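Asker: Have a look at this one before I ask anything.
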Amino acid sequence: MEKEIIGMTQKDLARYQVIKNLIAKFINGTDAAKQLSLSVRQVKRLKARAIADGAKGIIHKLRNKESNHKTDLALYRKAKELIEADYSDFGPKFAHEKLVEIHRLDIGQAATRNLMIAEKIWIPKKRKHNKQYRTQRERKESFGEMIQFDGCYHFWFEDRGEEYCLLSGIDDATGKPVKLKLGSSESIQEVFAYWKEYIQKYGKPIAIYLDKFSTYKINHKNAKDNHELLTQFQRACKELGINLITAHSPQAKGRVENPFGTFQDRLVKELRLQGISTIKDANEFLEHFWADDYGKRFAVAPKSKTDLHRKLTEKELSNLDAIFSVQSTRKVKNDFTIQCKNCWYQIAKEQSVTVCRNDTVLIEERLGGELAMRLRGKYLNFKRLPAKPQKAAELLPVAIAASKAHTPAPNHPWRGRIIQYEKVIS
C-alpha cells in the first residue's frame, strides 16, 4: 500500500505539533490558542480535524483549489469590455468606481486592478527611492486654521480647449478642497477673484500656506531687508488680518501639491464624461458637485470640530471691492488730471476732500474693470478724457536708407597686411 505524501509548510508543521500536544493533554485549549494566536473555538476545530484526518486535517481545505471569491468569468469579460471601451486611460480605483456607479457591476477593486494589469491596460508605477529624508508635519486641528493654496496649469479639457490654471485651496486639518476654481492664469486678478468668493462664503481663515510665486511674494534680494515691500496679495491679506506662510519647497505644502496629480487624472476624465468644455460650466461642476464628492472620498476627520473661520466686519464687508483691487499711486498734474495706463482722467471741481496739485492719489483697479481714485480716505469724482491726438511726426512714415558695403582704399593698412601674408605663403 502506497503512503500518501502530504505537503506541509513550516507553519503547518508548527501548528500540528501544538495540536498534538493538545490532544496528548500536555497543554489545554487556552494555552494552545495563545501559542497559535487563534481563538479557542478555532483551536477546537483544528483538534477535531486532526483527530479525524491526522496531519492532513491541519492543512487549509482550499489549498490548490480555486478561491470561493474568484470573479465570475462572464463578469470578468463584461468588465474588460467596458474598461477597454470607455475607461482605458483610467486608474484601477477610478475605473472600479465608474463600473459600480454607472454600470452596477458587482466587482471588487482588487479584481479590477488585477484585471487591468493582466490585460496590460494599466501598468503600475515603480516605487521611488527616497533621495532626501523628510518628516511629516502634523495636521492643524481645526477647519479654517490653515488653507494650503496653489495653482496648477494643465489641459483640463484635453483637446477640447486651451491650457488653463486650476486654483485650489485645501484645508490642512481635513484635506478637503474647500474651493476649486478654473481660470486663465495665476494672475493677481484671478487670485483676488478666488479669495473674494472664498471669504464671502466661509469667512477669513487664520493663515494661508503658499509658495514663492511672484503673485504672492517679492523675491528680489532687497526685499529681505525691506519688509515694507509688499505684493498686492500680501497687502490685501494684511488688511484682512490673514497670516501668510511661505513654503520653501513643494514637499512642504504637499497636501495641496499631491491632489493635483489626482485632479489631472480624475477631474480631466470627469469633465470628459460630463461633456464640459468651458470654464463657466467647469466651475459650476466644481462648485456644486466635484469638490464635495472628492472630499467624501479622500478627506479625513479633523481633531477638533470647531470652525476657526472669522466673519467679516461691516467695514471689511463694505471695503471688500477696494481690498481686492490692484492698487497704485499717481500724482495730480497742474491741470488736475491723472494718467493711468495710457489714459487721462480729469478730476472734477466738486469733491468731498480738498485736492491740491502734486497730491498723491491711490488708484484702485477693481475686479469688474472699473476704476476708483482715493485721497485721504475719500473717493474722488472724475471722468475719462478722450485720447489725445497723435503728433504729425509720429504719423509720417520713416524712410530708412539702405546700408552700403564699405570698400577699403587700395592703400589701406588692412590691404597691406593681406599682401604681406600672401608673399609669406608663396
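The values are calculated or read from the model by the stated rules, or taken from the named source; none is laboratory data. What you see is a predicted model; the values in this text were computed from it and never measured. Cβ placement follows ideal geometry from the backbone for every residue including glycine, while neighbour counts extend to all protein chains displayed.
Residues checked against (1) at pLDDT 90 or above; (2) more than 27 Å from His96 (Cβ to Cβ); (3) in contact with a helix residue (DSSP H, G or I) (Cβ under 7 Å, 6 or more places away or on another chain):
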{"position": "Leu229", "(1), (2), (3)": "no, yes, yes"}
{"position": "Ala236", "(1), (2), (3)": "yes, yes, yes"}
{"position": "Gly241", "(1), (2), (3)": "yes, yes, no"}
{"position": "His248", "(1), (2), (3)": "no, yes, no"}
{"position": "Thr262", "(1), (2), (3)": "no, no, no"}
{"position": "Gly275", "(1), (2), (3)": "yes, no, no"}
{"position": "Lys280", "(1), (2), (3)": "yes, yes, no"}
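Asker: Being outside any loop (DSSP other than H, G, I, E, B) and under 19 Å from His288 (Cβ atoms) is the filter here, so list the residues in the range 171-195 that pass it.
Answerer: Asp171, Pro177, Val178, Lys179, Leu180, Lys181, Leu182, Gly183, Ala193, Tyr194
Asker: Give me the residue from the range 60-82 that is basic (Lys, Arg) and outside any loop (DSSP other than H, G, I, E, B) and, out of that set, nearest to Arg104 (Cα to Cα).
Answerer: The residue in question is Lys78.
Asker: Counting only residues that are touching a Leu at 6+ places or on another chain (Cβ under 6 Å) and more than 15 Å from Pro259 (Cα to Cα), how many does the range 161-181 have?
Answerer: 1
Asker: Moving on to the next point. All but one of (1) among the hydrophobic types (A, V, I, L, M, F, W, C); (2) out of contact with any Leu (no Cβ under 7 Å at 6 or more places or on another chain); (3) in a helix (DSSP H, G or I) hold for Phe90, so report the exception by its number.
Answerer: With (1) among the hydrophobic types (A, V, I, L, M, F, W, C); (2) out of contact with any Leu (no Cβ under 7 Å at 6 or more places or on another chain); (3) in a helix (DSSP H, G or I) applied to Phe90, the lone miss is (3).
Asker: Any chance you could count how many residues in the range 136-165 are within 22 Å of Pro302 (Cα to Cα) and either small (Gly, Ala, Ser) or more than 21 Å from the chain's Cα centre (by Cα) (or both)?
Answerer: So the answer is 3.
Matching residues to (1) assigned to a helix (DSSP H, G or I); (2) of a type outside the set (A, V, I, L, M):
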position	(1), (2)
Ala236	yes, no
His248	no, yes
Glu270	yes, yes
Asp281	yes, yes
Glu316	yes, yes
Ala322	yes, no
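Asker: A further question follows. Only one of (1) in contact with an Asp or Glu (Cβ under 7 Å, 6 or more places away or on another chain); (2) in the same structural domain as Leu166 (by TED's automatic domain parsing) fails for Ser304. Which number is that?
Answerer: Here Ser304 meets the rest and fails (2).
Asker: What's the number of the condition Leu385 fails, among (1) within 28 Å of Thr231 (Cα to Cα); (2) loosely packed, with under 14 Cβ neighbours inside 10 Å; (3) touching a Phe, Trp or Tyr at 6+ places or on another chain (Cβ under 6 Å)?
Answerer: In the conditions (1) within 28 Å of Thr231 (Cα to Cα); (2) loosely packed, with under 14 Cβ neighbours inside 10 Å; (3) touching a Phe, Trp or Tyr at 6+ places or on another chain (Cβ under 6 Å), Leu385 misses (1) alone.
Asker: Report yes if some residue within the range 190-203 is more than 15 Å from Ile242 (Cβ to Cβ) and either touching a Ser or Thr at 6+ places or on another chain (Cβ under 7 Å) or among the polar types (S, T, N, Q) (or both); otherwise report no.
Answerer: yes
Asker: Tell me, please, whether a residue that is part of a helix (DSSP H, G or I), more than 26 Å from Leu271 (Cβ to Cβ), of a type outside the set (A, V, I, L, M, F, W, C) and free of Cβ contacts under 8 Å to residues at least 24 places away in the same chain can be found in the range 103-110.
Answerer: Looking through the range 103-110, none of the residues is part of a helix (DSSP H, G or I), more than 26 Å from Leu271 (Cβ to Cβ), of a type outside the set (A, V, I, L, M, F, W, C) and free of Cβ contacts under 8 Å to residues at least 24 places away in the same chain.
Asker: How many of the residues making up the range 332-357 are touching a Leu at 6+ places or on another chain (Cβ under 9 Å) and closer than 11 Å to Asn381 by Cβ?
Answerer: Matching residues across the range 332-357 total 8.
Asker: Could you tell me how many of the residues in the range 111-145 are in contact with a Ser or Thr (Cβ under 7 Å, 6 or more places away or on another chain) and either within 30 Å of Arg310 (Cβ to Cβ) or part of a loop (DSSP other than H, G, I, E, B) (or both)?
Answerer: 4
Asker: Turning to a different aspect of this structure: Return yes when Glu84 is charged (D, E, K, R) and in the same structural domain as Leu273 (by TED's automatic domain parsing) and no when it is not.
Answerer: Judged against the criteria, Glu84 is not a match.
Residues are listed down the side, and each one gets a yes or a no for (1) more than 30 Å from Thr262 (Cα to Cα); (2) over 55 Å from the mean Cα position of the chain (by Cα); (3) modelled with pLDDT of 85 or more; (4) surrounded by fewer than 14 Cβ atoms within 10 Å (Cβ to Cβ):
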{"site": "Glu2", "(1), (2), (3), (4)": "yes, yes, no, yes"}
{"site": "Val18", "(1), (2), (3), (4)": "yes, yes, yes, no"}
{"site": "Ala24", "(1), (2), (3), (4)": "yes, yes, yes, yes"}
{"site": "Ala32", "(1), (2), (3), (4)": "yes, no, yes, no"}
{"site": "Leu62", "(1), (2), (3), (4)": "yes, no, no, yes"}
{"site": "Ala79", "(1), (2), (3), (4)": "no, no, yes, no"}
{"site": "Ile83", "(1), (2), (3), (4)": "no, no, yes, no"}
{"site": "Leu99", "(1), (2), (3), (4)": "no, no, yes, no"}
{"site": "Gln109", "(1), (2), (3), (4)": "no, no, yes, no"}
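Asker: Among (1) surrounded by fewer than 18 Cβ atoms within 10 Å (Cβ to Cβ); (2) charged (D, E, K, R); (3) farther than 28 Å from Arg134 by Cα, there is one condition Lys303 misses while meeting the rest; what is its number?
Answerer: So the condition that Lys303 fails would be (3).
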